[in-house]
Amino acid sequence: MFEARLAKGAIFKKILEAVKDLLTEASWDCGDMGITLQAMDNAHVSLVSLNLRSDGFDKYRCDRNLTMGMNLGSMSKILKCAGNDDIVTIRAQDNPDTVTFVFESENGEKQSDYEMKLMSLDLEHLQIPETEYACVVKMPAGEFARICRDLSQFGDSIVISCSKQGVKFSASGDIGSANVKLAQSSNVDKEEEAVTIEMQEPVSFTYACRYLNFFTKATPLSAQVKLSMSPEYPLMVEYAIDDIGQIRYFLAPKIED
Amino acid sequence: MSQKSLTEFFHPR
């Protein structure tokens with residue numbers, strides 16, 4: 001059987017909010033090491049890669065590797081039924097047709113269970129090659145969400161340029177143009193408020209606002225976001241999830257016609 | 001500008 005219990009059940013609620021607008025359905029692969037999910041959006045422009053390590057759960061048991069195909073809209077509806085402070089357990093038999101979500105209140109006085117039908121999904125997994133990125137920017141996740149939202153008003157693309165001086169976000173369109181520059185933090189008391197840049201070479205790439213805004217739905221999961229960029233390679237936007245894992249989004253660039 | 005597909009960079013396992 002499979003059982004994964006997470007005292008901080010709100011993490012599951014936040015994960016579903018972070019993927020449900022981008023993906024309609026996805027396979028959750030469960031094994032000894034933990035739970036992973038990899039899926040592309042319908043347009044095959046972006047990819048979500050989620051990793052939750054087994055040692056990050058309060059209880060984790062997986063007798064046999066299993067793949068559970070789920071409609072994420074349905075899963076999101078179920079997780080909305082969990083309280084923010086609830087303990088969440090996901091349970092399934094070997095070769096399951098259904099998965100059960102159990103929500104327990106902190107004081108143990110309320111317990112609810114929701115059973116959901118699984119789907120048979122024939123999704124191909126993509127190999128994500130290891131790469132050394134030319135630029136890696138770490139910045140407050142809320143700031144990144146704000147910039148993506150603000151610049152989306154100007155056009156459907158955002159140019160992200162990174163150099164030793166800092167990182168610049170630009171957009172232009174019918175109403176005009178916008179630039180937001182962030183310098184590397186010189187002195188930060190709180191690590192989560194810092195902007196840090198690791199750069200091998202300066203880069204400048206154009207990305208679709210629509211997808212960046214989908215990615216920022218993960219903002220409640222993490223104080224910081226990491227943007228990794230390289231020539232001839234998709235952007236990686238990564239949010240750490242407590243001490244249990246991370247969610248990564250990959251986005252293909254836009255190029256000059 | 002045109003949007004590249006992710007499958008141009010990442011390939012099936």
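A few points about this structure:
- Whether a residue is in contact with a strand residue (DSSP E or B) (Cβ under 9 Å, 6 or more places away or on another chain), surrounded by 21 or more Cβ atoms within 10 Å (Cβ to Cβ) and at negative phi was assessed, and A:Leu79 passes this test.
- Within segment A:132-171, restricting attention to residues that are out of contact with any Asp or Glu (no Cβ under 7 Å at 6 or more places or on another chain), of a type outside the set (Lys, Arg) and assigned to a loop (DSSP other than H, G, I, E, B), the residue that is farthest from the other protein chains (Cβ to nearest Cβ) is A:Gln165.
- Flag for A:Leu212 being farther than 23 Å from A:Phe12 by Cβ and within 14 Å of the chain's Cα centre (by Cα): yes
- From the options A:Leu47, A:Leu16, residue that is within 14 Å of another protein chain (Cβ to nearest Cβ) and at pLDDT 95 or above: A:Leu47
- Failed item, numbered, when A:Phe215 is tested on (1) crowded, with 21+ Cβ neighbours inside 10 Å; (2) within 28 Å of A:Ser54 (Cβ to Cβ); (3) in contact with a helix residue (DSSP H, G or I) (Cβ under 6 Å, 6 or more places away or on another chain): (3)
- Segments classed as strands (runs of 3 or more DSSP E), wholly inside segment A:1-100, with at least 2 members that are over 18 Å from A:Gln246 (Cβ atoms): A:2-6, A:25-31, A:59-62, A:66-71, A:87-92
- For beta carbons closer than 9 Å, sequence separation of 6+ or different chains, a first residue in segment A:110-131 that is within 14 Å of chain B (Cβ to nearest Cβ) and a second that is among the charged types (D, E, K, R), the qualifying pairs are A:Leu123/A:Glu25; A:Glu124/B:Arg13; A:His125/A:Asp29; A:His125/B:Arg13; A:Leu126/B:Arg13; A:Gln127/B:Arg13; A:Ile128/A:Arg248.
- A:Ala82 in contact with a Pro (Cβ under 8 Å, 6 or more places away or on another chain) and among the small types (Gly, Ala, Ser): no
- A:Gln127 being out of contact with any Asp or Glu (no Cβ under 8 Å at 6 or more places or on another chain) and surrounded by fewer than 16 Cβ atoms within 10 Å (Cβ to Cβ): yes
- Residues located in segment A:161-190, provided they are hydroxyl-bearing (Ser, Thr, Tyr), farther than 14 Å from A:Glu143 by Cα and surrounded by 11 or more Cβ atoms within 10 Å (Cβ to Cβ): A:Ser161, A:Ser163, A:Ser170, A:Ser172, A:Ser177
- Selected residue (criterion: nearest to B:Thr7 (Cα to Cα)) from residues of segment A:31-41 that are away from every other protein chain (no Cβ under 12 Å) and surrounded by fewer than 23 Cβ atoms within 10 Å (Cβ to Cβ): A:Leu37
The values are calculated or read from the model by the stated rules, or taken from the named source; none is laboratory data. From a predicted model like this one, the values you see are computed outputs, not experimental measurements. Counting neighbours? That spans all protein chains shown, and the Cβs are built from the backbone with ideal geometry, glycine included.
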